[in-house]
Amino acid sequence: MDFRWEIISEYLPFFMRGLGYTILASLIGFIVGALIGLVIGMGKSLSNPILRLPFIWYVNIFRGTPLLVQIFLIHFAVMPIFIKPPEPLISLIVALALNSAAYIAEIFRAGINSIDKGQREAAYSLGMNHAQVLRHVVLPQAFKRMIPPLGNEFIVLVKDSSLGAVIAAPELFYWGRVAVGAYSRVWEPYLAVAVLYFVVCLVLSYVQSFLERKYATDDQRKKPKKVVRRSRGTAGH
Amino acid sequence: MISVKNLKKSFGDLEVLRDINVEIEEKEVVVVIGPSGSGKSTFIRCLNRIEDITGGHVYIEGTDISQRKVNINKVRTDVGMVFQQFNLFPHKTVLENIMLSPMVVRKWKKKDAEEKALSLLRKVGLEDKAGVYPESLSGGQKQRVAIARALCMEPKVMLFDEPTSALDPEMVGEVLEVMKQLANEGMTMIVVTHEMGFAREVGDRVLFMDGGYIVEEAKPEEIFNNPKEERTKAFLSKVL
């Protein structure tokens, strides 16, 4: 089989632009999703069962239906209410944000719940208020545990953003399909697209493990911090 | 300094504290003993409202903390607590553990907090551990850091909830030694413990709890040598 490299080189600028939109859509989707997810995660932890209900069902609905269906509903049914005609890239970002919010809400909730009750009690007993306990004691520990699942969620989101191609959002896979259409060749464009997704996801998984190591403060891998005062007579260099 | 009136605490249908009444004076060391399930831990946890109060009143220096509108965080700055499971913050070094609350709650400058924290570490004999994370400490060392952490808020009273129960036997002594020193300095202390030797030696008064009530209270020599209640006798015959 001959492999026509010139198809890839001709379409590379489009692929790169598509990749840019892929990263942009995933990143904005993830950040907005994290903000919504934080609210939903806290909402799901409310003590009042009636107030808690809408948050629980938000998660149920967005986790219980396919992302592709959500993208179609948002692009063809919801977005036309606001933008005419609907802009595919915006529809994609909205769908990714709303969908990832459901998963991120669960990550936040599980992370915060995983911190031992004694940590909170000790902090309260020292006179801290709710916000101080959360900020100085619970969240720093919970965040560390949230890094791996959040990293997974972001990687999933990058790959799922390829579903945007079906509503013609100009992301990476969309340009792959355009190249396939133009040349009636499947191997070259799809392989090139797959390699680009792979490289991005590989880089992201390394970023994830770097962050994990960086925040692994309470573990033996990290050297003790320098003691504040050096005792007199310690030999210098 | 602490006054408890008709204190009740239930978890759902389970009544853990039925009717607790006690007065604790300044500089007094009160030791609470009793069988497991008698409500002693719940009782001490109600004194800083780490446990919600179901009924009755708890006055800390005149402030009734059973009232919802009381600023409980403010009251807690004066009431130090030491837990069975230490509860040190694993993401902070020993020094940071001690400095955190004075800086965040009392708004001390870092330099002042550090100075105070180091002097407390010296007092509990752990100055050389200032820069390490709690994970690398032994149980006895962790508990001594926890005591220093509570003391750094300069509390008026210290609550100890079974401070030596999670320790290996050879580490109990070093923690009790620190507590003894604290008692000698005149700290008001309420100590839930199974260490009868400590109760006898350091306690000014012993409360014996059973079934959600204070069954008997007396000076240590009286309660250990001459208990009046049958339940106290039965309990002491098992533990002594």
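Restricting the stretch B:125-134 to residues that are at the interface with chain A (Cβ under 7 Å from one of its Cβ atoms) and not aromatic (Phe, Trp, Tyr) leaves a set whose member that is surrounded by the fewest Cβ atoms within 10 Å (Cβ to Cβ) is B:GLY131. Put simply, of B:LEU207, B:LEU240 the only residue that is buried (at least 22 other Cβ atoms within 10 Å of the Cβ) and not hydroxyl-bearing (Ser, Thr, Tyr) is B:LEU207. Of all the numbered requirements in (1) within 14 Å of chain A (Cβ to nearest Cβ); (2) surrounded by 23 or more Cβ atoms within 10 Å (Cβ to Cβ), B:VAL32 misses one, and that requirement is (1). Only one residue in A:TYR183, A:TYR190, A:TYR215 is in contact with a helix residue (DSSP H, G or I) (Cβ under 7 Å, 6 or more places away or on another chain), within 14 Å of chain B (Cβ to nearest Cβ) and either surrounded by fewer than 17 Cβ atoms within 10 Å (Cβ to Cβ) or modelled with pLDDT under 95 (or both), so which one is that? Unique residue meeting the criteria: A:TYR215. Of all the listed residues (A:ASN129, A:ASN113), the sole one being of a type outside the set (Lys, Arg) and over 21 Å from A:ARG52 (Cα atoms) is A:ASN129. With respect to the conditions (1) at pLDDT below 95; (2) buried (at least 21 other Cβ atoms within 10 Å of the Cβ); (3) within 23 Å of B:MET179 (Cα to Cα), B:SER38 lacks only one, and its number is (3). Does the stretch A:136-150 contain any residue that is away from every other protein chain (no Cβ under 14 Å), part of a helix (DSSP H, G or I) and buried (at least 18 other Cβ atoms within 10 Å of the Cβ)? The answer is yes, given that some residue of the stretch A:136-150 is away from every other protein chain (no Cβ under 14 Å), part of a helix (DSSP H, G or I) and buried (at least 18 other Cβ atoms within 10 Å of the Cβ). Being crowded, with 22+ Cβ neighbours inside 10 Å and either touching a Pro at 6+ places or on another chain (Cβ under 8 Å) or among the β-branched types (Val, Ile, Thr) (or both) holds for only one residue in A:ILE90, A:ILE107, and it is A:ILE107. Taken over the stretch B:59-74, residues that are surrounded by fewer than 18 Cβ atoms within 10 Å (Cβ to Cβ) and within 13 Å of chain A (Cβ to nearest Cβ) amount to 3. Scanning the stretch B:94-112 for residues that are crowded, with 23+ Cβ neighbours inside 10 Å and either β-branched (Val, Ile, Thr) or on the phi > 0 side of the Ramachandran plot (or both) returns B:VAL94, B:ILE98. Taking the numbered list (1) surrounded by fewer than 22 Cβ atoms within 10 Å (Cβ to Cβ); (2) under 15 Å from A:ALA122 (Cβ atoms); (3) within 12 Å of chain A (Cβ to nearest Cβ); (4) not β-branched (Val, Ile, Thr) in turn, B:LEU137 passes all entries but (2). Only residues that are at the interface with chain A (Cβ under 7 Å from one of its Cβ atoms) and more than 20 Å from the chain's Cα centre (by Cα) were counted in the stretch B:81-94, giving 3. Which ones in the stretch B:1-21 are surrounded by fewer than 18 Cβ atoms within 10 Å (Cβ to Cβ) and touching a residue at least 12 places away in the same chain (Cβ under 8 Å)? Passing the criteria: B:MET1, B:SER3, B:LYS5, B:ASN6, B:LYS8, B:SER10, B:GLU15, B:ARG18, B:ASP19, B:ASN21. Scanning the stretch A:84-105 for residues being charged (D, E, K, R) and modelled with pLDDT of 95 or more gives a total of 1. The single condition among (1) surrounded by fewer than 16 Cβ atoms within 10 Å (Cβ to Cβ); (2) facing another protein chain (nearest Cβ under 8 Å); (3) of a type in the set (S, T, N, Q) that B:THR77 does not satisfy is (1). In the set (1) in a helix (DSSP H, G or I); (2) over 23 Å from A:PHE173 (Cα atoms); (3) of a type outside the set (S, T, N, Q), the condition left unmet by A:ALA97 is number (2).
B:LYS233 meets the conditions (1) surrounded by fewer than 19 Cβ atoms within 10 Å (Cβ to Cβ); (2) in contact (Cβ under 8 Å) with a residue 60 or more places away in the chain in every case but one. The failed one is (2). Taking the conditions exactly as written (in contact with a Phe, Trp or Tyr (Cβ under 8 Å, 6 or more places away or on another chain), at the interface with another protein chain (Cβ under 8 Å from one of its Cβ atoms) and part of a helix (DSSP H, G or I)), does B:LEU100 satisfy them or not? Spelling it out, B:LEU100 is indeed in contact with a Phe, Trp or Tyr (Cβ under 8 Å, 6 or more places away or on another chain), at the interface with another protein chain (Cβ under 8 Å from one of its Cβ atoms) and part of a helix (DSSP H, G or I).
Summed over the stretch A:99-119, the residues that are among the polar types (S, T, N, Q) and farther than 30 Å from B:GLU51 by Cα give a count of 2.
Can you find a residue in the stretch A:155-177 that is at pLDDT below 95 and either touching a Pro at 6+ places or on another chain (Cβ under 8 Å) or surrounded by 21 or more Cβ atoms within 10 Å (Cβ to Cβ) (or both)? No, there is no match, as no residue in the stretch A:155-177 is at pLDDT below 95 and either touching a Pro at 6+ places or on another chain (Cβ under 8 Å) or surrounded by 21 or more Cβ atoms within 10 Å (Cβ to Cβ) (or both). For the stretch A:71-80, the criterion of a residue being assigned to a helix (DSSP H, G or I) and in contact with a Leu (Cβ under 6 Å, 6 or more places away or on another chain) is satisfied by at least one position. Candidates in the stretch A:41-55 are the residues that are in a helix (DSSP H, G or I), among the aliphatic types (A, V, I, L, M) and more than 20 Å from the chain's Cα centre (by Cα); of these, the one that is farthest from A:ALA105 (Cα to Cα) is A:ILE50. Of all residues in the stretch B:219-230, those satisfying the criterion of being surrounded by fewer than 21 Cβ atoms within 10 Å (Cβ to Cβ) and either part of a helix (DSSP H, G or I) or in contact (Cβ under 8 Å) with a residue 12 or more places away in the chain (or both) are B:LYS219, B:PRO220, B:GLU221, B:GLU222, B:PHE224, B:ASN225, B:PRO227, B:LYS228, B:GLU229, B:GLU230.
The values are calculated or read from the model by the stated rules, or taken from the named source; none is laboratory data. Just so it is clear, the structure is predicted and the values come from calculations on it, not from any experiment. With ideal geometry, Cβ positions are generated from the backbone for all residues, glycine too; neighbour counts draw on all protein chains shown.
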